[in-house]
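Enquirer: After the structure tokens below, expect a handful of questions from me.
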Amino acid sequence: MQLTLWTYEGPPHIGAMRIATSLQNVHYVLHSPQGDTYADLLFTMIERREARPPVTYTTFQARDLGADTAALFKNSVRDAYARFKPDLMVVGASCTAELIQDDPGGLAHALALPIPVVPLELPAYQKKENWGASESFYQIVRACARPAAAARPARPPASTEGRRPLCNILGPTALGFRYRDDLREIKALLGRLGIAIGVVAPLGAAPADLARLGEADFNVVLYPEIAHLTAQWLQRQFGQPATTTVPIGVGATRRFIAEVAALSGLAPDAPSVTAALAGSTLRLPWYSRSVDSTYLTDKRVFIFGDATHALAAARIACDELGLAVVGIGTYSREFARDFRAAAETYGVKPLITDDYLEVEREIAAAEPALVLGTQMERHIAKRLGIPCAVISAPIHVQDFPAHHAPYMGFEGANAIFDAWIQPLMMGLEEHLLTMFREDFEFHTAAPPSHLGRYVPQASPPAANTDPTRWVDEALRELAKIPFFVRGKARRNTEKFAAERGISPITLETLYDAKAHFSH
């Protein structure tokens, strides 16, 4: 165990809380000391959820350790059931409560509640938050769907029954990065393909919904960190295949559509598939080919985050935006193999760590022009003076936007272009402002011209105050040059004329100076 100021992931019981909070009619009783209730703030303050998580803390104190903490836990379970009347209860211990070695599962079982009780054994000192979320989701699905699996015969393919293909969507969970917007985007995409959606889980699913998971023809896995383990179990239990492509970026979204079409039994040239592949709302390819975007070519980018988003970001940066990946890493040790393979592709060394100080050192050494990371990298990049865009959890309150801002699907590709380009273009603007800070439009005393109450001073007339140097025709031509480069053009022209003894400066002199400095 390591004490740290920042951490990319919480202990595994935070992952269990994310699953319980995402589900409906499920309550989580957490054996924990006073102080562990801080976790509520992750959901109510950072994610701005309307209600606190469905969690009851036993909140034992130091004086309770000499008494019967097991009785305290049993009372908490009994009271939580009486108050909340859930359809399913989850019980477990926080990392601190794990040390007193009570048995939450056995204690809850002894109460003989009339609902399923799922005990979670999450090794707090070996595993982290995402693993806890994955394991919790898997255990709850097993408890709900296994009884149905024994009674349900194998279902024929949709094409033989003349019905619409049916899929489940697995993975979206509370505190995830853009999970609500991604879900809306993928549901719309599946609808355009003519595919019905059975269950979305864990987000919004009740235990009764989880019991219906086996009815679908296949599963769509949006976030492998959360849902891969459950999808594997569903495949073994019900024979359901699962998608392996995460639809982030233009190329991945098209591969996702092709994969879903194949799992659904749709022909590759079916009208719905062709229309979906066309992506009528897609703008990223055109934008990335535009003149403005040539500024991006070969810009150095450092990427760090969870497995789903960091791997996708590297692929988009390299293949779709022309950026040069100079660093890639993750705190998700379970996906270290995928990152090693990706790093080999980009010719860089993979960074597998949960030490933000090590990440900061690697970023400083790589000297990137852009950092794509978590809220930790946002702070690191700010300290180093490097533009940054957040692409992955952990995130803070500003990363739960009120507007629709997906990262998946074609609309997600548009949002990615905007989110990544904005900090770089702002960097360009800052560069220009620095370059022309001596010009009259940019001097430090000039107030912002966009403020309504500000009446800009009339620009100095382009009068020929020194007729021996500029002729009127040349001054009129000079005035046509954009204001933010006009001053430099004038200085260069006068320097050119002085070095050659030319006076007055004519239109021809202006053009000759332009040609000279262009080379």
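Enquirer: So what is the relative contact order for segment 172-296, in percent, with contacts set as C-alpha pairs under 8 Å and at least six apart?
Expert: Reported as a whole number, the value is 18 percent.
Enquirer: Report the percentage of all Cα-Cα pairs in the chain whose separation exceeds 33 Å, rounded to a whole percent.
Expert: 53
Enquirer: How big is segment 53-184 in terms of Cα radius of gyration and Dmax, in angstroms?
Expert: Cα radius of gyration and Dmax of segment 53-184 are 19.0, 66 Å respectively.
Enquirer: Same structure again: Defining a contact as two alpha carbons under 8 Å apart and six or more residues distant in sequence, what relative contact order in percent does the chain show?
Expert: On the way: 848 pairs, mean separation 63.3, N = 519.
Worked out over the chain, it gives 12 percent.
Enquirer: So, taking all protein chains as they sit and a 1.4 Å probe, how much accessible area belongs to M376, in Å² rounded to tens?
Expert: About 10 Å², rounded to the nearest 10.
Enquirer: Do any of K349/K382; K187/K299; K299/K514; K382/K495; K299/K349 go past 30 Å between their Cα atoms, and which?
Expert: K187/K299; K382/K495
Enquirer: Still on this model: Over segment 1-88, what portion of Cα pair distances is larger than 16 Å, expressed as a whole percent?
Expert: 60
Enquirer: Here's another thing I want to ask about it. Once both labels are modelled 7 Å past Cα along the beta-carbon direction, what's the K495-L507 spacing in nm?
Expert: Rounded to a tenth, the inter-label distance reads 2.6 nm.
Enquirer: Straight-line reach only, C-alpha to C-alpha below 20 angstrom: list the lysines that K74 could link to, leaving out same-chain residues fewer than 8 apart.
Expert: Reachable lysines: K85.
Enquirer: Per residue of segment 175-182, in order, report the coupling 6.51 cos²θ - 1.76 cosθ + 1.60 (Karplus, θ = phi - 60°) as ³J(HN,Hα) in whole Hz, putting x for Gly and Pro.
Expert: Residue by residue, segment 175-182 yields 6, x, 7, 6, 5, 5, 5, 4 Hz.
Enquirer: Measure out, as a whole number of angstrom, how far apart the alpha-carbon centroids of segment 469-519 and segment 217-244 sit.
Expert: About 68 Å separates the Cα centre of segment 469-519 from the one of segment 217-244.
Enquirer: For the chain, which whole-number percentage of the solvent-accessible area (1.4 Å probe, protein heavy atoms only) is attributable to carbon and sulfur atoms?
Expert: 54
Enquirer: Of all chymotrypsin sites (Phe, Trp or Tyr not before Pro) in segment 1-83, which ones are in loop regions per DSSP and have a Cβ with at most 15 other Cβ atoms within 10 Å?
Expert: Listed in order of number, the matching sites are W6.
Enquirer: A further question on this structure: So what are the ³J(HN,Hα) numbers for segment 370-376, from phi and the Karplus equation (6.51, -1.76, 1.60; θ = phi - 60°), rounded to whole Hz, Gly and Pro as x?
Expert: Each residue of segment 370-376 in turn: 8, 10, 10, x, 8, 5, 5 Hz.
Enquirer: Right, something else. Counting other C-beta atoms within 10 Å, and keeping those with at most 11, which DSSP coil trypsin sites (Lys or Arg not before Pro) do you find in segment 1-110?
Expert: Passing sites in segment 1-110 are R48.
Enquirer: Moving on. If I take every Cα pair under 8 Å that is 6 or more residues apart in segment 302-402, average their sequence separation and divide by the length, what percent do I get for the relative contact order?
Expert: Details: 160 pairs, mean separation 27.8, N = 101.
Here the relative contact order equals 27 percent.
Enquirer: Keeping every protein chain in place, order F238, F84, F304 by accessible area at 1.4 Å, biggest value first, i.e. largest first.
Expert: On the way: F238 50, F84 85, F304 0 Å².
From most accessible down to least: F84, F238, F304.
Enquirer: Under the 0.36 nm per residue contour assumption, what length would be gained going from the current alpha-carbon distance of T37 and R164 to full extension?
Expert: Details: separation 127, 0.36 × 127 = 45.72 nm, distance 4.54 nm.
Length gained, T37 through R164: 41.2 nm.
Enquirer: How big is the gap, in Å, between the Cα center of segment 393-427 and the Cα center of segment 9-59?
Expert: That distance is 27 Å.
Enquirer: Right, next: Can you work out ³J(HN,Hα) from phi for every residue in segment 207-212, in order, using Karplus 6.51 cos²θ - 1.76 cosθ + 1.60 and θ = phi - 60°, giving whole Hz and x for Gly and Pro?
Expert: Result, ordered by residue: x, 5, 5, 4, 5, 9 Hz.
Enquirer: I need the chymotrypsin sites (Phe, Trp or Tyr not before Pro) found in segment 96-181, filtered to DSSP loop residues with at most 10 other beta carbons within 10 Å of theirs.
Expert: Sites meeting the loop and neighbour criteria: Y125.
Enquirer: Can I ask one more? As a test question: what accessible area, to the nearest 10 Å², does T244 have when a 1.4 Å probe is rolled over all protein chains in place?
Expert: 120
Enquirer: Could you tally the net charge around Y223, taking each other residue with its Cβ under 10 Å from the Cβ of Y223, Lys/Arg +1 and Asp/Glu -1?
Expert: Its environment carries a net charge of -3.
Enquirer: Under the classification rounded if a/c is under 1.5, otherwise prolate if a/b is larger than b/c and oblate if not, where does segment 158-305 fall, given a ≥ b ≥ c as square roots of the Cα gyration tensor eigenvalues?
Expert: oblate
Enquirer: How large is the accessible surface of H228 in square angstrom, using a 1.4 angstrom probe and rounding to the nearest 10?
Expert: Here the accessible area works out near 90 Å².
Enquirer: Now a separate question. Let me see the P(r) profile for segment 106-189: every Cα-Cα distance counted, bins of 10 Å, each bin given as a percent of all pairs.
Expert: Taking every Cα pair in segment 106-189, the percentages come to 12, 27, 34, 21, 6, 0.
Enquirer: Counting only heavy atoms of the protein chains, get the accessible area per residue of the chain (1.4 Å probe) and round it to a whole Å² value.
Expert: Details: 25240 Å² over 519 residues.
Heavy-atom SASA per residue in the chain reads 49 Å².
Enquirer: In cubic angstrom, how much convex hull volume per residue do the alpha carbon atoms of segment 271-365 span?
Expert: Dividing the Cα hull volume of segment 271-365 by its residue count gives 122 Å³.
Enquirer: For a Förster distance of 60 Å, can you work out the FRET efficiency between the beta-carbons of K85 and H379, rounded to the nearest 0.05?
Expert: Numbers: r = 43 Å, r/R0 = 0.72.
E between K85 and H379, to the nearest 0.05, is 0.90.
Enquirer: A324's amide H: which non-local residues (gap 5+, or another chain) put their own amide H closer than 5 Å, with H modeled 1.01 Å from N in plane and none for Pro or chain starts?
Expert: The answer is D298, K299, R300, V301.
Enquirer: Here's another thing I want to ask about it. Pull out a ≥ b ≥ c, the square roots of the eigenvalues of the alpha-carbon gyration tensor of segment 215-278, then state rounded if a/c is under 1.5, prolate if not and a/b is larger than b/c, and oblate in the remaining case.
Expert: oblate
The values are calculated or read from the model by the stated rules, or taken from the named source; none is laboratory data. Fair warning: this is a prediction, and the values are worked out from it, not measured in the lab. For neighbour counting, all protein chains shown are included, and Cβ atoms are generated from backbone atoms with ideal geometry for every residue, glycine included. Only protein heavy atoms, including side chains, enter the accessible area calculation; ligands, DNA and RNA are left aside. Shrake-Rupley method; radii C 1.70, N 1.55, O 1.52, S 1.80 Å.
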